[in-house]
1. Only one of (1) crowded, with 17+ Cβ neighbours inside 10 Å; (2) among the small types (Gly, Ala, Ser); (3) farther than 25 Å from residue 262 by Cβ is not met by residue 84, so which one is it?
2. Tell me, please, whether a residue that is farther than 30 Å from residue 52 by Cα and surrounded by fewer than 24 Cβ atoms within 10 Å (Cβ to Cβ) can be found in the range 249-272.
3. Would you confirm whether any residue within the range 228-236 is more than 30 Å from residue 93 (Cα to Cα), in contact with a strand residue (DSSP E or B) (Cβ under 9 Å, 6 or more places away or on another chain) and modelled with pLDDT of 90 or more?
4. How many of the residues making up the range 117-169 are open to solvent by 10 Å² or more (accessible area, probe 1.4 Å) and of a type in the set (Val, Ile, Thr)?
5. Checking the conditions here, which among 285, 212 is of a type in the set (Lys, Arg) and farther than 19 Å from residue 146 by Cβ?
6. For residues that are touching a Pro at 6+ places or on another chain (Cβ under 9 Å) and open to solvent by less than 10 Å² (accessible area, probe 1.4 Å), scanning just the range 87-116, find the one that is farthest from residue 223 (Cα to Cα).
7. May I ask you to say which residue of 194, 295, 224 is open to solvent by 40 Å² or more (accessible area, probe 1.4 Å) and touching a strand residue (DSSP E or B) at 6+ places or on another chain (Cβ under 9 Å)?
8. Answer with yes or no whether residue 200 is free of Cβ contacts under 8 Å to residues at least 40 places away in the same chain, closer than 18 Å to residue 130 by Cβ and of a type outside the set (S, T, N, Q).
Amino acid sequence: MSSLRSLSPRGRAAAILGAATAVALLASACAPKSDTTSSAAATGSASASCSASSLALYKSGQLTVATDSPAYSPWFDNNAPSDGKGFESAVAYAVAKELGFSSSQVKWTTESFDNSYAPGAKNFDFDINEISITSTRAKAVDFSTGYYDVNQGVLTLASSKYAKATSLSALKGAKIGVQVSTTSYQAVENEIKPSGSLSVYNTTDDEVNALKNGQVDAIVTDMPTVFYLASAELTNGKIVGQFNYDGGTPEQFGLLLQKGSKLTGCVDQALAKLKSSGELASITKQWLADSADAPELAQ
């Protein structure tokens, strides 16, 4: 996942990515740091009834949804999760509708990315924040089934000696920047295996500035973010390519819930309906750029 937030790189992306072409649900990438398989099963079970009136909620009569702040495009729009624009905002409202909530009954709260999957009670019903499903995290929290399959992307400058790399091994000597607490870090460690240490940054803004200033040769984050940064934040950005993390198993983003939440099964049911109806694919096509043209990087 990349993360950053204060209306910076991604804050201006909705307009750009909204016009981008379609994306398959299985083809993009960001991630949150961890060391496990990409698709840990959700641990909650469906309750007897998933009607809004019978759900076990953080606050009665409303669905409390969390994300980080700032909230960036293409996942959100203009740091305003409640406007329904951006991929994850649209997904959250679509899930809420399936659960029986009107838009006015959805209330947003702030939860930092790396605190979201910490053990303990949660002050929300679910968190949506490009959080990769991993078995390590699933020991402390529940995850829904995946709502987006992601690939990692490599971004450099057109003038870089790594701009024409066609394999991960060709990037081994590169200085690579990643965002803290993301699976991008582990993906680089496991798949690229750089000869030097990684440069870790708090936000995507910091990563981009490091790339512009020559402090790193490339940055690695999810593909939708890579497409946005290349087109909106860099005048000479070059997408090197994409790669899958975790041995070919798709890395997935999931909705995060409190461990043992009675809501998890109902959220899974809602996502299943959105997938079968084609609505989730439609939301993906609307808000996320097509990454199919980015070359796959061989080992």
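1. Condition not satisfied by residue 84: (1).
2. yes
3. Here is the first cut: in the range 228-236, the ones more than 30 Å from residue 93 (Cα to Cα) are 234-236.
Add one more test, that the residue is in contact with a strand residue (DSSP E or B) (Cβ under 9 Å, 6 or more places away or on another chain), and what stays is 234, 236.
Okay, now just the ones that are also modelled with pLDDT of 90 or more, so 234, 236.
Yes, the range 228-236 contains at least one residue that is more than 30 Å from residue 93 (Cα to Cα), in contact with a strand residue (DSSP E or B) (Cβ under 9 Å, 6 or more places away or on another chain) and modelled with pLDDT of 90 or more.
4. Qualifying residue count, the range 117-169: 3.
5. 212
6. Top of the filtered list is 116.
7. Values: 194 fails: open to solvent by 40 Å² or more (accessible area, probe 1.4 Å); 224 fails: open to solvent by 40 Å² or more (accessible area, probe 1.4 Å).
Every option except 295 fails the conditions.
8. Here the answer is yes, as residue 200 does meet what is asked.
The values are calculated or read from the model by the stated rules, or taken from the named source; none is laboratory data. Please read all numbers here as calculations on a predicted model, not as lab measurements. Virtual Cβ from ideal backbone geometry, glycine too; neighbours counted across all protein chains shown. Accessible surface areas use protein heavy atoms only, side chains included; no ligands, DNA or RNA. Shrake-Rupley method; radii C 1.70, N 1.55, O 1.52, S 1.80 Å.
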